[in-house]
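So the structure is just underneath, and the comments pick up after that.
The values are calculated or read from the model by the stated rules, or taken from the named source; none is laboratory data. Please read all numbers here as calculations on a predicted model, not as lab measurements. All Cβ positions, glycine included, derive from the backbone under ideal geometry; neighbour counts span all protein chains shown.
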Amino acid sequence: MRGNLDASMLLHALYFEPARIVAAVICSLIAAGLLKGTIGVGMPVVALPLLSLFIDVKSAAMLLSMPLIFSNLPQALEGGMTGRCLMQLTPVLVGMIPGLFLGVRVLLALDADIARMIAGLALISVGGITLLAPNLQLQPRAVSPAGIAFGFFGGILGGIAAMAGPLVFIFLLAKGLRGQAFTKEASLYLVVSSGLLAVLLTVSRQFNWLDVSVSMAAMLPVALGMYAGRHMRDKIAPEIFRKLVLIAVIAAGAELVGHGFS
């Protein structure tokens with residue numbers, strides 16, 4: 001068993017922690033699921049800063065990989081026309097793929113605190129600018145190039161901090177998406193980006209199939225939080241919905257920067 005632990009970074013990180021730390025990790029996943037169930041997105045925005053208080057950021061990213069895929073899959077398929085939605089996301093995905101490759105390489109190479117601060121500063125800057133510009137909208141001719149750019153930098157954040165979503169959420173809001181339309185495109189994007197993140201981390205040789213199994217088990221507390229919060233989503237007005245997403249982005253950035261300095 002010890003040999004497996006040495007080859008399994010995530011399992012090793014949790015195996016030697018006291019019970020209160022494992023309990024804190026589980027509570028962090030429940031809180032993340034609660035936000036996911038309430039506004040349809042934002043699980044890593046809550047989970048990554050909380051988890052990084054108790055385990056290293058690389059293990060936190062791996063732990064979130066399977067919950068990110070499976071928690072978003074039902075919403076990604078909701079309402080049909082998934083193929084059409086995927087086509088609309090093509091510019092974002094074109095930018096995301098090289099960005100995610102770059103972000104994972106940065107995560108595996110840089111000091112964890114530096115990676116946190118880079119991700120946090122980016123989230124605060126972009127989220128703050130967008131929150132202070134409530135009428136920000138993209139012209140039709142700007143959608144494709146903006147999608148590639150947001151996808152690229154979103155991919156970098158996804159590789160560094162398992163947060164491929166926040167920058168792309170801002171892009172989707174600027175396109176004018178709200179409610180179910182926003183949730184479907186955001187969830188489909190997260191399924192694709194999270195699946196690629198899981199593959200890249202697993203083949204990095206710092207993680208293995210045991211870590212994937214632990215990540216699968218993390219879906220249980222996330223599902224519990226989602227069950228508690230999902231019935232609130234349709235009761236939120238569009239503008240409040242938008243502000244909740246952006247405030248969550250900024251809060252996550254501040255937490256990452258603060259934890260990086262500490």
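Residues that are of a type in the set (S, T, N, Q) and either without any contact (Cβ under 8 Å) to a residue 24 or more places away in the chain or closer than 21 Å to residue 200 by Cα (or both) within the stretch 78-113 comprise just one, 90. Between a residue in the stretch 189-209 that is farther than 14 Å from residue 107 by Cα and any residue that is surrounded by fewer than 17 Cβ atoms within 10 Å (Cβ to Cβ), which pairs come within a Cβ distance under 6 Å, given they are 6 or more apart or on different chains? Here the result reads 191/73; 208/7, each pair linking the stretch 189-209 to a residue that is surrounded by fewer than 17 Cβ atoms within 10 Å (Cβ to Cβ). Under the condition of being under 19 Å from residue 37 (Cα atoms), in a helix (DSSP H, G or I) and modelled with pLDDT of 85 or more, the residues counted in the stretch 174-197 number 11. Can you spot a residue in the stretch 125-132 that is at pLDDT 85 or above, over 15 Å from the mean Cα position of the chain (by Cα) and within 18 Å of residue 247 (Cα to Cα)? No: zero hits. Once the stretch 209-221 is narrowed to residues that are of a type outside the set (Ser, Thr, Tyr) and surrounded by fewer than 16 Cβ atoms within 10 Å (Cβ to Cβ), the residue that is nearest to residue 9 (Cα to Cα) is 209. Of the helices (runs of 4 or more DSSP H) lying entirely inside the stretch 16-110, the ones with 3 or more residues being polar (S, T, N, Q) and buried (at least 24 other Cβ atoms within 10 Å of the Cβ) are found at 57-77. The number of residues in the stretch 158-173 being assigned to a loop (DSSP other than H, G, I, E, B) and within 16 Å of residue 257 (Cβ to Cβ) comes to 1. Counting only residues that are at pLDDT 80 or above and touching a Gly at 6+ places or on another chain (Cβ under 7 Å), the stretch 38-61 holds 1 of them.
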